[in-house]
Amino acid sequence: MTQAAATAGSDVQPGPAIRVRKLRKDFGPVTALHGIDLEVAPGELTVLLGLSGSGKSTLLRCLNGLNPVTAGEATVLGQPVHGMTSREMRKLRSRIGFIFQHFNLVGRLTCLENVLIGASGRIPGPRYGILSYSRAQRREALTHLSRVGLGQHAFQRADSLSGGQQQRVAIARALMQKTELILADEPVASLDPENAANVMDLLFQICLENKITVLCTLHQVDLAMHWAHRIVGLRDGEKVLDSTTATLSRDDVLNVYRQLQPEAAPDGTTA
């Protein structure tokens, strides 16, 4: 049994954190997503797997409003993203943490300052350095850095850290935001295997302990099998797999990456 399967969803609240119905996304004449249906339960860590160009990142960008939905519905934290105004979308984004492959930290700022940026939505007016934040917020940011194992690096420039450490700062920033949902787009793609496993372990523990929903795109099948509660596979913009990890074999998951074979004709030739 996987780590995730042993602890999945025993006491999370009912009702989906994400609900997608017949979602289609077109880029001009190209359809990137073909009528996707998806539900993600609160407190669940769901991984999207698929080849590059399968639609994983496009789906995440539809959920956070960066890609307007062409057709269908996308509801996030009970709010219909497909019909939102810009103001409503900004309010919803304050409840969503974003973690990216390339960290999106401000390299010249300290780790503490980068984490404090997560509290920006709670502070009116412009911010000028650490003193723009209250003492309580600074203590909170230090607590989050300690939780991800970087308390001793609080006053170190972010760009002086390793890739794995920078990604942990990004996770601490999402926690500082008091997020209810984390959308993570290839968060371990640029990390070595050990750091990738550490970051996934951290995301899993946050999901479990804080009841934060995580939807994460990955390419690493073994990481997905070990840490996800559920795996959703995409191929050419269509959903081809949707199952809990407890009921999946590694071969089931690898099928997501196998190209469709031409259908054989009765005479043994291919169409």
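Residue pairs whose Cβ atoms lie under 6 Å apart, separated by 6 or more positions or on different chains, with the first residue in the range 93-109 and under 20 Å from Gly65 (Cβ atoms) and the second assigned to a strand (DSSP E or B), are Ile96/Leu181; Gly97/Ile182; Phe98/Leu183; Ile99/Ala184; Phe100/Asp185.
Among the residues of the range 28-45 satisfying the criterion of being more than 19 Å from Trp227 (Cα to Cα) and either outside any strand (DSSP E or B) or of a type in the set (A, V, I, L, M) (or both), which is nearest to the chain's Cα centre (by Cα)? Restricting to residues being more than 19 Å from Trp227 (Cα to Cα) and either outside any strand (DSSP E or B) or of a type in the set (A, V, I, L, M) (or both), the top hit is Leu38.
In the set (1) in contact with a Leu (Cβ under 9 Å, 6 or more places away or on another chain); (2) under 27 Å from Ile171 (Cα atoms); (3) at pLDDT below 90, Cys216 fails one condition alone, (3).
The residues listed here are Leu191, Leu218; of these, the one that is farther than 21 Å from Leu116 by Cβ and without any contact (Cβ under 8 Å) to a residue 60 or more places away in the chain is Leu191.
Each residue in the range 162-180 was checked for being of a type in the set (Lys, Arg) and in a helix (DSSP H, G or I), and 2 of them qualify.
Can you tell me which residues in the range 135-162 are in contact with a Ser or Thr (Cβ under 8 Å, 6 or more places away or on another chain) and buried (at least 17 other Cβ atoms within 10 Å of the Cβ)?
The initial filter retains those residues of the range 135-162 that are in contact with a Ser or Thr (Cβ under 8 Å, 6 or more places away or on another chain), namely 154-158.
Those that are in contact with a Ser or Thr (Cβ under 8 Å, 6 or more places away or on another chain) and buried (at least 17 other Cβ atoms within 10 Å of the Cβ): Ala154, Ala158.
Candidates Leu48, Leu60, Leu66, Leu23: the one that is in contact with a strand residue (DSSP E or B) (Cβ under 7 Å, 6 or more places away or on another chain), of a type in the set (A, V, I, L, M, F, W, C) and not in a strand (DSSP E or B) is Leu60.
The values are calculated or read from the model by the stated rules, or taken from the named source; none is laboratory data. Just so we're clear, the structure is a prediction, and the values are computed from it rather than from any experiment. Positions of Cβ are generated from backbone atoms using ideal geometry, with glycine treated the same way; all protein chains shown enter the neighbour counts.
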